[in-house]
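Notes for the one structure printed next.
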Amino acid sequence: MKLALMCRNPDLYSHRRLVEAAKTRGHDIDIIDHLRCYINITSNRPSIRYQGHDLPKYDAVIPRIGASVTFYGTAVLRQFEMMGVYPLNESVAISRSRDKLRSMQLLARKGVGLPVTVFAHKTSRAEEIIEMAGGAPVVIKLLEGTQGIGVVLGETQKAAESIIQAFGGVGSNILTQQFIKEAGGSDIRCFVIGDKVVAAMKRTGKDGDFRSNLHRGGTAEVVKITALERKTATMAARAMGLRVCGVDLLRANHGPVVMEVNSSPGLEGLEGATGKDVAGMIIEFLEKSAKEGNTRTTGKG
């Protein structure tokens, strides 16, 4: 197949591994920086101009769109879709997963386990927001935050009120969530391909940090997940309509709860922790699904 990899930095581990896996399986793959694409929007012959030339016809496209450029990246991906190129993940599914509020509403509608979450703009009644989330401690998040940035733990009632009011003072929309203390600063990243969890790792934050993101100094190790955790992860992926994604779970006393569904999950920590060829699995899945023309989208909104 002739493949396109949409990404900004071809030197990232995940992107190098995807290119390597594609070439190992005999495919041609081009790397395309979506921010350098020009979109020619026409009903008869939609096209994408890149580095002075119209892009050729591809069989499939692998979108690796950073959160900060979701709007433009998904616009380019939609153009590929208009040109009849099969996407590993569809543009609408990526847009769903990137909107934290929308994604949580969709997950809740599908019956997926979630921490108690309160959405607010006006924060003059911060004590009421905290009460609705189950009381301090609570986790307070900016909707636009990524990789643990814009996520703060309000350990006491007073601290939580101050944080909420500070965020509200700059006109930010915020999510206030129940703090899952029993998770112990760890979460589970389940990597979903199609309808299966193909790999899972436990991520633990560095000492003194409740966030388990590897970009912030956390560590990863292989973990055995339960049948319920597996089911929760695949349900979350289907709710977003994502064919390939990372689903982040916390182990709460009442069962697994989903924190996030990531449409461009990193491979380095996962492959390192599990020893699995996840990049190869992605390419193998893309071969089959593109050939079958599986354009199924699960989840609406």
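The values are calculated or read from the model by the stated rules, or taken from the named source; none is laboratory data. Keep in mind the model is a prediction, meaning the values are calculated, not measured. Heads up: the accessible areas ignore ligands, DNA and RNA and are worked out on the full protein's heavy atoms, side chains in. Shrake-Rupley method; radii C 1.70, N 1.55, O 1.52, S 1.80 Å.
Semi-axes of the equivalent ellipsoid for the range 1-91, computed as √(5λ) from the eigenvalues of its C-alpha gyration tensor and ordered from largest down, come to 20, 15, 11 Å. Based on Cα contacts under 8 Å between residues 6+ apart, the chain shows a relative contact order of 17 percent. To check you understand DSSP bridge types, tell me what percent of the beta bridges within the chain (both residues inside) are antiparallel, rounded to 5. Rounded to the nearest five, the antiparallel share is 80 percent.
Going through (1) 6, 25, 29, 19, 11, 5, 3, 2, 1, 0; (2) 6, 27, 33, 22, 10, 2, 0; (3) 6, 29, 37, 22, 5, 0, the figure that equals P(r) over Cα pairs in 10 Å bins from 0, in percent as computed for the structure here is (2).
List the pairs from Lys231/Lys288; Lys206/Lys231; Lys2/Lys110; Lys181/Lys202; Lys100/Lys202; Lys110/Lys196 whose alpha-carbon separation is above 26 Å, in the order I gave them. Violating the 26 Å Cα-Cα cut-off are Lys206/Lys231; Lys2/Lys110. Per residue, the chain exposes 48 Å² of accessible surface when a 1.4 Å probe is rolled over the protein heavy atoms with every protein chain present.
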